[in-house]
Amino acid sequence: MKNVAETPARRLPMQWLPLIILAAALLPFSGYILTAASGASLHPPRWELWARISPTLQLHIAAALTALVIGSVLMLRPKGRAVHKVLGWTWVAAMVVTAVSSFFLTGLNGDAFSLIHILSGWTLVALPMGVYAIRRRNVERHRRTMSGMFYGGLLFAGAFTFLPGRFMFEMFFG
């Protein structure tokens, strides 16, 4: 049986790298692009807004950004080595904090949960599945599970935080 550290990492073709970097660079500007016609303008972050939000939302944003940074490093580095494992466990912890804290945040749908909370619930189910997969040496299932949470749970869902009316939009574009 092959050791996980000996398993070659499955990578995207190199021609995708510039597109991924461009998409990641444009992500913070998605709100601006969506509202350019309404007169929104790009400005330095309004840090005074940070002090006005709840500690739960501050924790949620900090955990999500931590997971985003660590996840990006994990996607770019070789897999299966000690650094990957340490960063991976840190990423899992940041994702758990992000998902759990989201259950204490409402507002998109009044005081009720919104559809995004389904993603938070799925994250709490899928994280142990991804860990279990690698414990069983099922590298492919681990890769699919964790990559899906990174791209879907962080990048895709994170893009929605820059829609008009949301905190991240107000901080950077409002």
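The values are calculated or read from the model by the stated rules, or taken from the named source; none is laboratory data. Just so you know, these numbers come straight off a predicted model, no measurement behind them. Ideal geometry is used to build each Cβ from the backbone, glycine not excepted, and the neighbour counts take in all protein chains shown.
So for the range 107-115 (the condition being surrounded by 15 or more Cβ atoms within 10 Å (Cβ to Cβ), in contact (Cβ under 8 Å) with a residue 60 or more places away in the chain and either touching a Ser or Thr at 6+ places or on another chain (Cβ under 6 Å) or closer than 29 Å to ALA51 by Cα (or both)), does at least one residue qualify? No, the range 107-115 has no match at all.
Of all residues in the range 70-96, how many are in a loop (DSSP other than H, G, I, E, B) and surrounded by fewer than 16 Cβ atoms within 10 Å (Cβ to Cβ)?
Residues of the range 70-96 in a loop (DSSP other than H, G, I, E, B): 77-81.
Pick out the ones that are also surrounded by fewer than 16 Cβ atoms within 10 Å (Cβ to Cβ) and you get 77-78, 81.
Looking only at that region, the number is 3.
If you go through the range 97-120 and keep only what is among the small types (Gly, Ala, Ser), in a loop (DSSP other than H, G, I, E, B) and within 18 Å of HIS60 (Cα to Cα), you end up with GLY107, SER114.
Residue check: is PRO44 at pLDDT 95 or above and surrounded by fewer than 15 Cβ atoms within 10 Å (Cβ to Cβ)? Before the answer, list the steps.
Numbers: at pLDDT 95 or above: no; surrounded by fewer than 15 Cβ atoms within 10 Å (Cβ to Cβ): yes.
So PRO44 fails the test.
The test for being in a helix (DSSP H, G or I), within 30 Å of TRP47 (Cα to Cα) and β-branched (Val, Ile, Thr) holds for THR123.
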